[in-house]
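The values are calculated or read from the model by the stated rules, or taken from the named source; none is laboratory data. Because the structure is a prediction, the values reported are computed rather than measured. A quick note on method: Cβ atoms are made from the backbone with ideal geometry, for glycine too, and the neighbour counts reach across all protein chains shown.
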4 protein chains.
Amino acid sequence: MLNVGIIGASGYAGEELIEILLRHGSVRITYLAAKIDKPDNITKIFPKFKGRIDLPCEEPQLNKLLSRCDLVFLALPHTQSMYWVPRILEAGKKVIDLSADYRLKNISVYEAFYKTAHTDKANVKKAVYGLPELYRQEIRSADLIANPGCYPTAAILAIAPALVGDFIERDCIFIDAKSGASGAGRKIIQELTFTEVNENLKAYKINTHQHMPEIEQELSKIAHHLLKINFVPHLLAVNRGILETIYLKLKRPLTSKQVIDIYQRFYKKEPFIRILEEGNNPQLKDVIYTNFCDLGINVDKDRRALVLVCAIDNLQKGASGQAVQNMNIMYGFSETEGLL
Amino acid sequence: MLNVGIIGASGYAGEELIEILLRHGSVRITYLAAKIDKPDNITKIFPKFKGRIDLPCEEPQLNKLLSRCDLVFLALPHTQSMYWVPRILEAGKKVIDLSADYRLKNISVYEAFYKTAHTDKANVKKAVYGLPELYRQEIRSADLIANPGCYPTAAILAIAPALVGDFIERDCIFIDAKSGASGAGRKIIQELTFTEVNENLKAYKINTHQHMPEIEQELSKIAHHLLKINFVPHLLAVNRGILETIYLKLKRPLTSKQVIDIYQRFYKKEPFIRILEEGNNPQLKDVIYTNFCDLGINVDKDRRALVLVCAIDNLQKGASGQAVQNMNIMYGFSETEGLL
Amino acid sequence: MLNVGIIGASGYAGEELIEILLRHGSVRITYLAAKIDKPDNITKIFPKFKGRIDLPCEEPQLNKLLSRCDLVFLALPHTQSMYWVPRILEAGKKVIDLSADYRLKNISVYEAFYKTAHTDKANVKKAVYGLPELYRQEIRSADLIANPGCYPTAAILAIAPALVGDFIERDCIFIDAKSGASGAGRKIIQELTFTEVNENLKAYKINTHQHMPEIEQELSKIAHHLLKINFVPHLLAVNRGILETIYLKLKRPLTSKQVIDIYQRFYKKEPFIRILEEGNNPQLKDVIYTNFCDLGINVDKDRRALVLVCAIDNLQKGASGQAVQNMNIMYGFSETEGLL
Amino acid sequence: MLNVGIIGASGYAGEELIEILLRHGSVRITYLAAKIDKPDNITKIFPKFKGRIDLPCEEPQLNKLLSRCDLVFLALPHTQSMYWVPRILEAGKKVIDLSADYRLKNISVYEAFYKTAHTDKANVKKAVYGLPELYRQEIRSADLIANPGCYPTAAILAIAPALVGDFIERDCIFIDAKSGASGAGRKIIQELTFTEVNENLKAYKINTHQHMPEIEQELSKIAHHLLKINFVPHLLAVNRGILETIYLKLKRPLTSKQVIDIYQRFYKKEPFIRILEEGNNPQLKDVIYTNFCDLGINVDKDRRALVLVCAIDNLQKGASGQAVQNMNIMYGFSETEGLL
């Protein structure tokens, strides 16, 4: 049994990690911590866990953390992980960081978008971007995983095969992303109160969202070319789920069927990628509470357009599910353990 | 007092028409009809009207209709209006048709998208497309108004000034549209049951929706050029409202401020168009239950992109509110009467 | 034209007051104030009012208030109105207070439930409880209206006729109340964030809610007897509306029809009370965005039970709509002006 | 591995059974059937199962059913199970019936509430009411389980200990029940369309719901006395979950703490019953997607009232979860297998 700890256990990603790990056959949760006023049993913070786990959640302490865990999940707000990561790695333990602190290789881009100085540049280089479908090999031997953002997970998985196949125009990429409210984290602000979100829809951070450079970094790497994408997120009146509708222009005439074939070959052995048949497109309800990524592929010949629709659960494949998938790869567990 | 009747009073557009007309100072509802099993007071169909109106809703009969009304609103499913329109016009009465039957000037396009033969081609030519911001002059003297579709209203109002100003690339128009469930009408199908729509989001009829040719017809007219647009609607888990995020490429460098200026001049005197200030974008909650159309304008210099965000209430500006606005223009009432 | 001001214009009750007053033919909004960091146009706080009103919303100042308004609506959190009321009354102006500060005649009950000392006991005596259906005569000549709470409005209107008719057991009154999230005001707390409220339901403040003594006070007055009721509110995942299901025991055998007759006679001339026919019961969707109170009446002979179901909009009949109804009575306007 | 089949696999209870059984370590789904136009893979009916199960769902055929399954779950609409049960039992197989067909021991009550003649009276007597907390012993050796209704599960579990302890008045039981829309099944009717249910709440079948006699039967058995209860269900705008608020009168003075102690002792060894601490009450979000039943207990001394709040997931503990719990007991599996 692997002993794992979670710092940031009181947020939505932390909650989902606990939920998944409780069903995992080879793991034991041994330490829970979060920024909280006073330590309390995790079942007081999330009453739904009553009868399933009995563990305090306290202010994080390095000693306890290191003595109790082999692997640490950091489910912290951005800019806080870089305090913990060097300390944990130094002690020879492994880390899966769900924040953005180790995702962007270009430090100045990180500092511009997250509005803070980076204090652990050395480890940024070592960090492996934890998207198993693209980096499984590197993940296997990694000590530090930069777990991808929720929006980037869907965007990259959807667009990567088209860039590898080199059949889309690289200067015409529009991502219209829609996310449920848990994507914003467990923040207490006016914009996230029920009466503001319910029966509402809005776009926000148009082409200025912090996930845009993350998508650009990864897609540029795949395209061997510096890409500029357009990324417009929207806040949906649902609890969970991300649906991205992606507008691309084909460089050469291809049918829906041909593109679907290319994608099915690309993701042939992937346990969590489901390429839908021609004429079908994903919906949130088929992926929420799962680690699946569903992809619909639509070519319009007259318009030379390729419209991709991609759906994931922002808390599973977009955060904690993917984190556990990474753990499974790192430790040689079955990749789907705890996730099906 | 103008005597008006509604055929199709039992649907959502009919309900909204009653709601608006009950607050209108110069109009009296004198006739209500719908396809229903047995005639019943409208307050049995919509209990919310109890104490505000007391009128039967019965199977439509031409005699009664003509004897009681000066103006008829047709809030019928597509393909049914073309039965009524010639009969009403012949009797010298006026019609505002909320269906698609008289919107598409190209009959073969209509027949392809609505899968039925058109039986009243003569009147299609006479019909005025009832978008006051573009056709106010023609509306004033019209006998037959083809009231625009909900998605087209938002799309055309958003894109028209850019085409008139000729500063966007005409072969790169992507409309990502999201609509509340009332947009589908009061149909009883599996896809519209609560548990299917709630906590869900999906795209549908990707580049095949019947509103696409309507948008193309109107935008092509404005551009003096045959346009092909991309139009992808989504079904939102809210009751009302449409939000369209529109992706365009600028032909020449313009700032957000410059584009906003152009739009503000274009819609200067319009009582229902609100161009938002730089950095602001619309949300459903500010337009639902109103006849306003809110527009946000965002230029990304690096990407040479223009992202427009447009919000309306599908039942008001997207249907019944716009129908009343058209009536107000036709009869010389204040254009905002009943709508503010 | 009557000049009115609103203190507390930035909350939900304030927003709804503006909405209603903008449609009122005999009133002009001349002053808006609220506890806000810096004064700003009300359209910045509520963008939905853009194009309909153009007025700053600033920190309240007594001089400005008194010089600009004949009537002041206080839409403030509880315990703040008692600062303003004496100052406004002293200047000879009238006040409609939407808070609880002047509702409870027993000061010690107020102080126990609202956990603060009352600083304006003198005016508590003068205040008229603004439930038009019971106190229309007193409202006509009142200077200070204590506008009823949302839950009490529904509960009192539902139970009053049964107590006047003296056909229910007075020691067996159970009120199961359900309210949309706007009922909690525009507070920013964890419990009211979208992901906490959505897809959820919970009871709260079981038999300890501050509206319980208000209901007991009013029902006791009607019954000429000190009543103890049971009151359990629930937080619903909807924006607006209150539905109360009320469980009573009949003292003598009566049929549903007989009880409905009694209620219809009791509320015969009331423009906003709708007693539903036998077998029908109210639903939120028929009353939200209206000032109506819908009542369903159900007798179960075998169980000697009377089950009442009462629905109102918490922001209209439960707050701002009722406040305007009170204003209409005080100033001799048509009682339904602005409210239909 | 136990081979199980599901008839009625295309409804919500069937869907949830598949979901749970796919995570069960000792069971293999070998047969799926439902009333459908043409046989299709279950992943076409529920795309969310793609990649997890690959089995056709066809019109039920007795031969296939019997040859492939040891145990059959019937997740059929009421009145259809009584066709299948005798045929399956005769073949020596076991049945867990999720419908109401075998729950009511009094046939005439069944026939009155379900408006159909019962055609398999003999097996009604044999059927064991599948509420493990009350009938675990009988379930162990049962061939036919009448799986309890969703509302009755919550009501009986909440009230049983109070009747056994004999400290409540038996003629004063009011159950205010609220259920998410999946409780109505996967029906396609106007009342269950999104726009009718969303932002709405209503009571229905006041003291006439078919679950009322089921609750009365079971509570009467416990009380050794013919009980008449009041039962009022409400339709909530959420997908899943039941919350019941139950109003009782205490026969003798007890504190909340004392009642909680009694309940904790009563349900001491139960893996799925969680008695909350004093001052705490359940909410839907803590039980949905789980098989737990959460209970809050509130005594009001002044009012001699006991208010119980009980929450379950209608599709888990209220249907398919409980069915699997029953299976686990019947076959000697761990009782929580597949359910935690």
For region D:296-317, what are the residues that are facing another protein chain (nearest Cβ under 10 Å) and in contact with a Gly (Cβ under 6 Å, 6 or more places away or on another chain)?
D:Val309
Candidates D:Val324, D:Val287, D:Val307 - the one that is in contact with a Leu (Cβ under 7 Å, 6 or more places away or on another chain) and either modelled with pLDDT of 95 or more or under 30 Å from C:His209 (Cα atoms) (or both):
D:Val324
Among (1) more than 14 Å from every other protein chain (Cβ to nearest Cβ); (2) farther than 26 Å from A:Ile275 by Cα, there is one condition D:Glu58 misses while meeting the rest; what is its number?
(2)
In region C:209-257, residue farthest from A:Ala237 (Cα to Cα) [restricted to those that are without any contact (Cβ under 8 Å) to a residue 12 or more places away in the chain and not basic (Lys, Arg)]
C:His224
So, C:Leu315, is that one out of contact with any Pro (no Cβ under 8 Å at 6 or more places or on another chain), of a type in the set (A, V, I, L, M, F, W, C) and within 24 Å of B:Phe46 (Cα to Cα) or not?
yes
Take the residues in region C:1-42 that are hydroxyl-bearing (Ser, Thr, Tyr) and more than 11 Å from C:Cys57 (Cα to Cα); name whichever of them is nearest to the chain's Cα centre (by Cα).
C:Tyr12
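Matching residues to (1) within 10 Å of another protein chain (Cβ to nearest Cβ); (2) closer than 17 Å to B:Ile168 by Cβ:
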| position | (1), (2) |
| --- | --- |
| B:Tyr247 | yes, yes |
| B:Leu250 | no, yes |
| B:Pro282 | yes, no |
| B:Lys285 | yes, no |
| B:Ile288 | yes, no |
| B:Asp294 | yes, no |
Any idea how many residues of region B:199-237 are more than 11 Å from chain A (Cβ to nearest Cβ) and not in a loop (DSSP other than H, G, I, E, B)?
11
In region A:226-269, the residues that are surrounded by 19 or more Cβ atoms within 10 Å (Cβ to Cβ), closer than 27 Å to A:Pro132 by Cβ and among the charged types (D, E, K, R)
A:Arg240, A:Glu244
Which residue is farthest from the other protein chains (Cβ to nearest Cβ), if the candidates are limited to region B:175-198 and must be outside any helix (DSSP H, G or I) and either out of contact with any helix residue (DSSP H, G or I) (no Cβ under 8 Å at 6 or more places or on another chain) or surrounded by fewer than 21 Cβ atoms within 10 Å (Cβ to Cβ) (or both)?
B:Gly185
If you check B:Leu254 against the conditions, is it within 14 Å of chain A (Cβ to nearest Cβ) and either not aromatic (Phe, Trp, Tyr) or not in a loop (DSSP other than H, G, I, E, B) (or both)?
no
Within region A:139-149, identify whether any single residue is touching a helix residue (DSSP H, G or I) at 6+ places or on another chain (Cβ under 6 Å) and more than 23 Å from A:Pro86 (Cβ to Cβ), and answer yes or no.
no
What are the residues in region D:259-269 that are free of Cβ contacts under 8 Å to residues at least 40 places away in the same chain and either outside the structural domain of D:Ile288 (by TED's automatic domain parsing) or not in a loop (DSSP other than H, G, I, E, B) (or both), if any?
D:Ile260, D:Asp261, D:Gln264, D:Arg265
Cβ pairs under 8 Å, 6+ apart, first in region C:68-82 and assigned by TED's automatic domain parsing to the domain that holds C:Ile6, second aromatic (Phe, Trp, Tyr) and part of a loop (DSSP other than H, G, I, E, B)
C:Leu71/C:Tyr331; C:Ser81/C:Tyr102; C:Met82/C:Tyr102
When region C:216-252 is checked residue by residue, the ones that are among the hydrophobic types (A, V, I, L, M, F, W, C) and within 23 Å of D:Gly279 (Cα to Cα) are C:Ile229, C:Phe231, C:Val232, C:Leu235, C:Leu236, C:Ala237
Taking D:Ala146, is it at pLDDT 95 or above, in contact with a Lys or Arg (Cβ under 6 Å, 6 or more places away or on another chain), within 24 Å of D:Gly185 (Cβ to Cβ) and not hydroxyl-bearing (Ser, Thr, Tyr)?
yes
Give the number of residues within region B:113-135 that are surrounded by fewer than 17 Cβ atoms within 10 Å (Cβ to Cβ) and either free of Cβ contacts under 8 Å to residues at least 24 places away in the same chain or among the charged types (D, E, K, R) (or both).
5
Total residues in region B:34-52, condition within 12 Å of chain C (Cβ to nearest Cβ), in a helix (DSSP H, G or I) and not basic (Lys, Arg)
4
If only one of B:Glu214, B:Glu277 is farther than 22 Å from A:Ser179 by Cβ and more than 18 Å from the chain's Cα centre (by Cα), which one is it?
B:Glu277
Single unsatisfied condition, D:Ile88 versus (1) touching a residue at least 40 places away in the same chain (Cβ under 8 Å); (2) assigned to a helix (DSSP H, G or I); (3) crowded, with 23+ Cβ neighbours inside 10 Å:
(1)
Of the numbered conditions (1) surrounded by 20 or more Cβ atoms within 10 Å (Cβ to Cβ); (2) part of a loop (DSSP other than H, G, I, E, B), B:Thr153 fails exactly one; give the number of that condition.
(2)
Of the numbered conditions (1) within 22 Å of the chain's Cα centre (by Cα); (2) surrounded by fewer than 21 Cβ atoms within 10 Å (Cβ to Cβ), D:Ile53 satisfies every one except a single condition; which is it?
(1)
Which of the numbered conditions does B:Ile42 fail, given that it passes all the others? Conditions: (1) over 18 Å from B:Ser99 (Cβ atoms); (2) surrounded by fewer than 21 Cβ atoms within 10 Å (Cβ to Cβ).
(2)
Per the list (1) buried (at least 19 other Cβ atoms within 10 Å of the Cβ); (2) within 14 Å of chain B (Cβ to nearest Cβ), residue check on C:Tyr31 breaks on (2)
